[in-house]
Amino acid sequence: MTEFTGKINRIVFENDQDLYKILDVSIIGQLENYDRDDIKVTGNFGDVQIGATYSFTGKLTVHNKFGLQFHCENYKLALPHEKGSLINYLSSNKFPGIGKKAADTIVSDLGMDALNVLKEKPGKIATLSLTKKQKDSLLSGINSMDSYSETVLQLAQFGLNKKVAGRLYQLYHGETLTKLEEDPYASIAEVTGYAFKSADRIGQKLGIAAADPKRVNGAIFQILLDEVGKEGNTYVKLEKLLTDAKKLLQINQFNVIVDCVNNLQHQGKVVVLGNHAALQEIFETETDIANTMKNLVEKSQATAKYSDKELNQAITKAETKLKIKYDATQKAAIKNALTHPISILTGGPGTGKTTIINGILLALRDLAEIPSSALYSSDPPFLLAAPTGRAAKRMEEITGITAKTIHRLLGLGIGENDATDLNELNGEILIIDEMSMVDMFLFKQLVASINETKHIVFVGDKDQLPSVGAGNVFSDLIKSQAFPTTVLKQIHRQGDDSSIITLAHDINLGQNSAALFKKTKNYSFIYCPPHEVSHVVSQIVERALAKGFNPDDIQVLGAMYQGDGGVTNLNNVIQAIINPAKPTSKILEIHDEKFRIGDRILQLQNNPEKDIYNGQIGKILAIDNDNAQKCMVADFDGREITFSKKDLFDVTRAYAITIHKAQGSEFPLVILSLTMQNYVMLKRNLLYTAVTRAEKNLVLIGDPRAYEMALNNSGNDRQTGLTAKLQTALNVKVDPSAKEKSDKNRDEQDLAETDTLAPPKQDYILTPELIYSGQIDPMIGMQNIKLETKTR
C-alpha cells in the first residue's frame, strides 16, 4: 500500500447512495511512482472538506480513459502538528465562536494532540475553561470532522461489512460511533442490513443488560421487520411477538417486553390493535391505501352513467370487431368496468382476461366517443400499465394501446422525481394488469397519483404468488368485497396448450395430483434426484435445440438459487450449451458470474433511469473490460442499455431464473425443477405460478414428493390488515356466507369491527391485567415461564 498527503481541490463526482467519490487532489510532498502535481483519487468517502488536507492510503491504478488514478482504501484528516497551525485551525470557521485566545486555552490544557484527544473523549470538552456556546461549537466541529474510514474500521470489529457501515455513516455522519454507543439497538429500525445480532455484539461490549429496554426494543423491531421483509406480513399476532421476543432476547422476564411494547406505542413507532401488533409505518400505509380508495370511489360518483341498452350495444360492436362472443360472466366484467369507479377482474390462464380488456377498451371508445387520434396523444384517455416491462409489452401487443410499467407511468425514480413528486393520472380509464405482483408500497403510490381517472380496473390472477414486497394487495382488494369483482373460472382457450391450462386449474384447486405425473401432448414429468437435476436439464435443453426451439424460447425455472439443482448452477450448465466459451470470446467476470456476448440476462432491481425493471430479460450485445463505466451493452426489448460494473451487481444470467422472477412473463417452453431441497418454499401458489408461465410446452422434473407437497400446501396465507381497513373505510357489510372460516379471516374481521381507520387515539395498552385475565395468553410457546399471580 502507498500513502501520500494531499489537499482536496474539488469533488469531481459523488454518488450519495454508496458514498463513492472522485476527488481532485493536489499532492503535498511526493507520491511514489507519480511525477505530477495533481491526481484523481477514487473511493468511498464521508463528508470530506474542500481545501482540507488529508492523508490517503491505497494504490495507483490505470483507467483506460483517464490514465493514472489513486484508488484510496483508507484516509484521515491531516491534523496540524505545530502549535501555531493548530491554534489557527481551532480558531477557523470550522469552530464558530472560538477565537485565538480560546484556541490557545484548548491547546494549553490538552496539548498538541488536542484534536485526537477530543475525538476519542468528547467528554473532555466539559473540563475546558470555555463558555457553553464555545463548548457546543467545539463539540459540533469535532463531530463534523470526517471519520468515515475510522468508523468503517471500528465497525468491522463487530462484524459489520463496509456496505452496512456506510449506511450507518450516511445516517449519522461523524456521530455514528457516538450514536451506536448511546443505543446500538435503535438503528435496527432505521438502517437496512443492520440487524439485532450485529447490534447485540456492540451492546455486549458496552455492557448493556439482557433485559435493558434498549435491547428489548431492538428485538421487538427486529421481529416486526422480519415479518414484513421476510414473510410479507403486515402485522404479527401478539402471542407470536411476545414469544419470539423472549426467544431472541433469551430472557425470562416477561413484563419488560410488555412495557416496551406499550412505550413504543406511546412513541408512535408501533401500533397494537386487537390481538395484532404492527410497525406504525406499515399500519399507516394500509390505512392510507384504504382512505385513498374511499376517496376515489366518492370522487367518481358523478361519473357519466351508461344505460344497460347502451352497454349491450357497445359490447355487441366489440364482439363484431373482435369476431368473438362473450359469455354472461365476461359481459358482466365489461359492464362492471364501465359502470363503477373501481372494479376487479381475476382469473387463471385461458379464462379470457385479455379478451375482456380488449372488450372494455373497445366498448368505452364507442360509449365515450373517443377518436382514434386521442389514443396516441400526449394525454391519452386510456392508461395501461403492469409491474414488469415484459407484462406491459404483452399488454401493448394485445390491445394495440401504449402500455408502461407502473414505475414509468408514475415517473418513479426518474430524474429528480421522488415519492412526493409523481405524475398525476388522468383519463377515461386506468387498467393495471398482473396485480398480484404489486406490493403495498407501490400500490399506495399508484392510487395516490390517480386524479381525474373515471374508471379503474385491477386485473390479475389472485392465486399466483403474492408480491415480492410486503402485503397481499390484490387478494385483499377481492376479499374486502368493497369493489365489484368478476372471478373467471370458465376455460375458453382450447389451443395446443389446453392440457397445461387444465393442469394449472387442477393445481389451483388442490386436486388430481396424478395429473402432475401424466405424459400429455404439452407436458410431461421426469423423475430425478437433486444431484441429477443439472444433467437432466442439460439433456432436455439439448433435445429442444435439436428439435428447432429458439434458445430464447427455453426457460428453466427453479425455487432457489443454491444447490446442484439451484438457479446459479443451472445457469452455468445451460450457458455452456447455448453460449459456450470460444477462444475469442469476451468474458466479463463479476460477483462469481461469467458474462459473454450473446448471454441472456435478468435485471434484478428496478432501474427507472435506464427504464429497465425487476424481472426484465435482455441479451448482451457488447463487452468492454477496459471501461468500468461502460463495460457492457445489452438489448432490452429493442433498446440498447449501457451498464457500468457497478450496475452489474443488479444483473444475473437468465437461462435459469427463480419462479418469483418469472412472474408476469410467459415462455414457449418451460422446464420446472422442484426437489425436496426446496421444501421450505413448496406451496401451491408457487407451483401454480410456475406452471402458468408455460405458453405451449412444459417439462416438470425432480421429486414427485416435492410436487405433491406443493399441491397440498396452500399458499397466499400472508397476514395483512388491508382487507379489514377497506371494509371499515367503505362501510362494507360482509356477507357471512362469503367468509372463509380460517383464523386469519376471523382476525381480519375483528379488525374490521373497529370504528376508525386512523391509529387508535388511545393506545391499546398491553397490561399484566390483560394477561392474567386471559384475554391474552402469554403461555403460548412459553411453558417454561411462570408468571406470578396478580394480587389486587
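Brief remarks follow.
- Qualifying residue in the range 82-94 (condition: of a type outside the set (D, E, K, R) and in contact with a Ser or Thr (Cβ under 9 Å, 6 or more places away or on another chain)): no
- Listed by position, the strands (runs of 3 or more DSSP E) enclosed by the range 536-607 include none that has at least 3 residues that are modelled with pLDDT of 90 or more, among the β-branched types (V, I, T) and open to solvent by 50 Å² or more (accessible area, probe 1.4 Å).
- D109 passes every criterion in (1) touching a Lys or Arg at 6+ places or on another chain (Cβ under 9 Å); (2) closer than 30 Å to I223 by Cβ; (3) of a type outside the set (G, A, S); (4) loosely packed, with under 15 Cβ neighbours inside 10 Å apart from (2).
- Residue in the range 544-567 that is farther than 28 Å from Q464 by Cα, touching a Pro at 6+ places or on another chain (Cβ under 9 Å) and among the hydrophobic types (A, V, I, L, M, F, W, C) present: yes
- Which numbered condition K661 misses (of (1) over 19 Å from F517 (Cβ atoms); (2) buried (at least 20 other Cβ atoms within 10 Å of the Cβ); (3) of a type outside the set (S, T, Y); (4) over 19 Å from the mean Cα position of the chain (by Cα)): (4)
- Taking the criterion of being at pLDDT below 90 and open to solvent by less than 30 Å² (accessible area, probe 1.4 Å), the residues of the range 468-498 that qualify are G469, D497.
- Residue in the range 393-402 that is least open to solvent (accessible area, probe 1.4 Å), counting only those that are assigned to a helix (DSSP H, G or I) and modelled with pLDDT of 90 or more: M395
- Some residue of the range 346-355 being over 25 Å from K325 (Cα atoms) and touching a strand residue (DSSP E or B) at 6+ places or on another chain (Cβ under 6 Å): no
- Checking Q30, Q69 one by one, the residue that is over 38 Å from the mean Cα position of the chain (by Cα), of a type outside the set (D, E, K, R) and either at pLDDT 85 or above or open to solvent by less than 20 Å² (accessible area, probe 1.4 Å) (or both) is Q30 and no other.
- Exactly one residue out of K325, K294, K269 is in contact (Cβ under 8 Å) with a residue 12 or more places away in the chain, of a type in the set (D, E, K, R) and surrounded by fewer than 17 Cβ atoms within 10 Å (Cβ to Cβ): that is K269.
- The criterion of at least 1 residues that are touching a Pro at 6+ places or on another chain (Cβ under 7 Å) is met by the following helices (runs of 4 or more DSSP H) wholly inside the range 261-342: 280-299, 328-339.
- Criterion violated by A363 - all others in (1) within 35 Å of the chain's Cα centre (by Cα); (2) surrounded by 21 or more Cβ atoms within 10 Å (Cβ to Cβ) satisfied: (1)
- Residue that is surrounded by the fewest Cβ atoms within 10 Å (Cβ to Cβ) [pool: residues in the range 12-27 that are modelled with pLDDT of 90 or more and among the aliphatic types (A, V, I, L, M)]: I22
- A residue that is farther than 24 Å from D637 by Cα and surrounded by 22 or more Cβ atoms within 10 Å (Cβ to Cβ) occurs somewhere in the range 432-444.
The values are calculated or read from the model by the stated rules, or taken from the named source; none is laboratory data. These figures come from a predicted structure and were not determined experimentally. A quick note on method: Cβ atoms are made from the backbone with ideal geometry, for glycine too, and the neighbour counts reach across all protein chains shown. Keep in mind that these areas ignore ligands, DNA and RNA; they rest on the heavy atoms of the full protein, side chains included. Shrake-Rupley method; radii C 1.70, N 1.55, O 1.52, S 1.80 Å.
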